[in-house]
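The values are calculated or read from the model by the stated rules, or taken from the named source; none is laboratory data. Please read these numbers as outputs of a predicted model, since none were measured by experiment. Here the Cβ positions follow ideal geometry from the backbone for every residue, glycine too, while neighbour counts run over all protein chains shown.
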Amino acid sequence: MKPVILIPEPIGAAGLQRLTAQCECHTPWRDGGVAEQAIDLLPAADAVIVRIFSMTAERMDSAPRLKVIAKHGVGLDNIDIAAATERGIPVLSTPGTNANAVAEHALGLLLALARQLGPAEAALRDGWVVERSRFEGIELAGRTLAIVGLGRIGKRLAFKAAMGLGMDVVAYDPYVDRTDYPGPARFCDSFEELLRAADVLSFHVPLTAETRNMVNADSLALLQPHCLLLNTARGAVVDEHALASALQARRLAGAALDVFQAEPLPLDHPLLTAPNILLTPHIAGQTDVAMQAAALRSAQGVLDILAGRQPPHVVNREVFDQ
Ligand code: NAD
């Protein structure tokens with residue numbers, strides 16, 4: 001009997017093809033279904049490949065055959081790693097597969113926000129009734145980009161912003177070895193120092209107890225009022241109500257967000273009516289190249305586990321010692 005792989009959300013065709021040759025793949029999205037339908041399919045699953053579909057302890061318990069959980073991408077906050085470890089289930093990740101994609105999206109958000117591309121296009125389509133001079137942009141060369149989290153994405157963004165746009169780049173990441181960093185970013189010793197220096201503030205941290213609500217009323221108060229905020233990390237890094245209030249009160253010049261505490265973003269959310277805000281539906285890591293790379297890497301990881309091999313990028317390697 002072929003192993004059953006449950007794939008609640010769309011993944012790149014190359015990965016799916018690799019799996020289909022050896023496994024039975026359950027993909028509700030290919031029949032127009034929604035990810036949550038996958039819950040009913042968990043009891044038969046030998047493996048699950050998830051993007052943002054949540055794997056809680058309860059869901060693991062409803063999948064008695066489950067031998068591996070593979071994350072398609074990075075950001076493991078939707079998987080209860082401790083619960084998986086307790087149950088002896090390896091959790092796989094695909095670090096780096098979408099780092100360039102996210103760095104490019106962060107730059108895209110920044111350029112669009114600084115030049116008001118969305119409102120400017122809307123004005124043109126409205127018959128050009130708005131005075132052109134209303135769309136005076138913010139020039140980025142020489143301005144300070146402050147990066148929180150100088151990991152795979154943060155490092156790429158630092159390089160692109162410094163070399164491509166001529167920005168000064170500063171970074172806050174207490175876990176990075178400064179002596180082993182050859183890039184253009186200068187390190188700040190504290191988050192507070194970084195906030196005070198920022199013309200643009202961009203988040204590239206995982207969601208942890210420490211990073212949850214890093215952007216709150218107190219941290220927003222330390223930003224200069226002309227600052228632009230970017231979040232392509234995780235929604236819960238930002239207190240969204242505090243951000244909406246700061247934008248309404250013009251204590252912050254603008255924000256661009258790809259991720260939200262609740263996804264999809266509720267249609268009555270205060271961020272939707274905040275001024276100078278640009279919102280995208282969690283697409284930063286989703287490019288042609290990144291999707292194929294993450295799909296191939298996660299598919300290969302699943303096949304390795306099912307064949308008794310240990311793939312690279314196992315998050316809870318201790319399960320192999322149990
Ligand atoms: P990474 O692990 O390579 O880098 C994360 C960095 O954050 C590390 O250098 C770490 O030291 C640093 N960090 C951790 N806690 C910190 C703290 N309290 N303060 C400052 N720095 C801290 O991960 P990555 O590949 O660069 O991805 C970063 C995050 O981006 C992911 O965890 C994920 O949540 C998010 N992401 C979003 C999308 C999207 O589509 N929007 C796609 C991919 C990743």
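Of all helices (runs of 4 or more DSSP H) completely enclosed by segment 46-118, which ones contain at least 3 residues that are buried (at least 16 other Cβ atoms within 10 Å of the Cβ) and more than 10 Å from the ligand (Cβ to nearest atom)?
Qualifying helices (runs of 4 or more DSSP H): 81-86, 99-114.
Just to be sure, is Ala38 buried (at least 21 other Cβ atoms within 10 Å of the Cβ) and at pLDDT below 95?
On the way: buried (at least 21 other Cβ atoms within 10 Å of the Cβ): yes; at pLDDT below 95: yes.
Spelling it out, Ala38 is indeed buried (at least 21 other Cβ atoms within 10 Å of the Cβ) and at pLDDT below 95.
Return only the number of the condition from (1) in a loop (DSSP other than H, G, I, E, B); (2) in contact with a His (Cβ under 6 Å, 6 or more places away or on another chain) that Gln261 does not satisfy.
(2)
Just checking, does segment 252-272 include any residue being in contact with a helix residue (DSSP H, G or I) (Cβ under 8 Å, 6 or more places away or on another chain), assigned by TED's automatic domain parsing to the domain that holds Leu145, away from the ligand (no atom under 16 Å from the Cβ) and under 25 Å from Pro174 (Cβ atoms)?
Yes, some residue in segment 252-272 is in contact with a helix residue (DSSP H, G or I) (Cβ under 8 Å, 6 or more places away or on another chain), assigned by TED's automatic domain parsing to the domain that holds Leu145, away from the ligand (no atom under 16 Å from the Cβ) and under 25 Å from Pro174 (Cβ atoms).
Confirm whether Val148 is in contact (Cβ under 8 Å) with a residue 60 or more places away in the chain, within 16 Å of the ligand (Cβ to nearest atom) and either within 23 Å of Arg212 (Cα to Cα) or crowded, with 21+ Cβ neighbours inside 10 Å (or both).
Details: in contact (Cβ under 8 Å) with a residue 60 or more places away in the chain: yes; within 16 Å of the ligand (Cβ to nearest atom): yes; either within 23 Å of Arg212 (Cα to Cα) or crowded, with 21+ Cβ neighbours inside 10 Å (or both): yes.
So Val148 passes the test.
How many residues are out of contact with any helix residue (DSSP H, G or I) (no Cβ under 6 Å at 6 or more places or on another chain), in a loop (DSSP other than H, G, I, E, B), more than 8 Å from the ligand (Cβ to nearest atom) and within 22 Å of Ala284 (Cβ to Cβ) if we restrict to segment 191-224?
Count: 3.
Return the residues of segment 1-35 that are touching a residue at least 24 places away in the same chain (Cβ under 8 Å) and part of a helix (DSSP H, G or I); say none if nothing qualifies.
Correct list: Ala13, Ala14, Gly15, Leu16, Arg18, Leu19, Ala35.
Just a yes or no: is a residue in segment 151-158 farther than 22 Å from Val176 by Cα and not in a loop (DSSP other than H, G, I, E, B)?
Step one: of segment 151-158, the residues farther than 22 Å from Val176 by Cα are none.
No, segment 151-158 has no match at all.
Looking at (1) at pLDDT below 95; (2) outside any helix (DSSP H, G or I); (3) within 22 Å of Leu252 (Cβ to Cβ); (4) not hydrophobic (A, V, I, L, M, F, W, C), which is the one condition that is false for Gly127?
Gly127 satisfies all of (1) at pLDDT below 95; (2) outside any helix (DSSP H, G or I); (3) within 22 Å of Leu252 (Cβ to Cβ); (4) not hydrophobic (A, V, I, L, M, F, W, C) except (3).
Considering each residue of segment 217-269, count those that are within 22 Å of Ile153 (Cβ to Cβ) and surrounded by fewer than 16 Cβ atoms within 10 Å (Cβ to Cβ), and give that number.
Adding up the residues that qualify gives 1.
I'm trying to understand the selection: among the residues of segment 177-188, which are surrounded by fewer than 20 Cβ atoms within 10 Å (Cβ to Cβ) and within 13 Å of the ligand (Cβ to nearest atom)? Can you show your working first?
At the first step, the residues of segment 177-188 found to be surrounded by fewer than 20 Cβ atoms within 10 Å (Cβ to Cβ) are 177-184, 186-187.
Passing the criteria: Asp177, Arg178, Asp180, Tyr181, Gly183, Phe187.
Do we have Pro174 as assigned to a loop (DSSP other than H, G, I, E, B), within 15 Å of the ligand (Cβ to nearest atom), in contact (Cβ under 8 Å) with a residue 12 or more places away in the chain and surrounded by fewer than 17 Cβ atoms within 10 Å (Cβ to Cβ) here?
Spelling it out, it is not the case that Pro174 is assigned to a loop (DSSP other than H, G, I, E, B), within 15 Å of the ligand (Cβ to nearest atom), in contact (Cβ under 8 Å) with a residue 12 or more places away in the chain and surrounded by fewer than 17 Cβ atoms within 10 Å (Cβ to Cβ).
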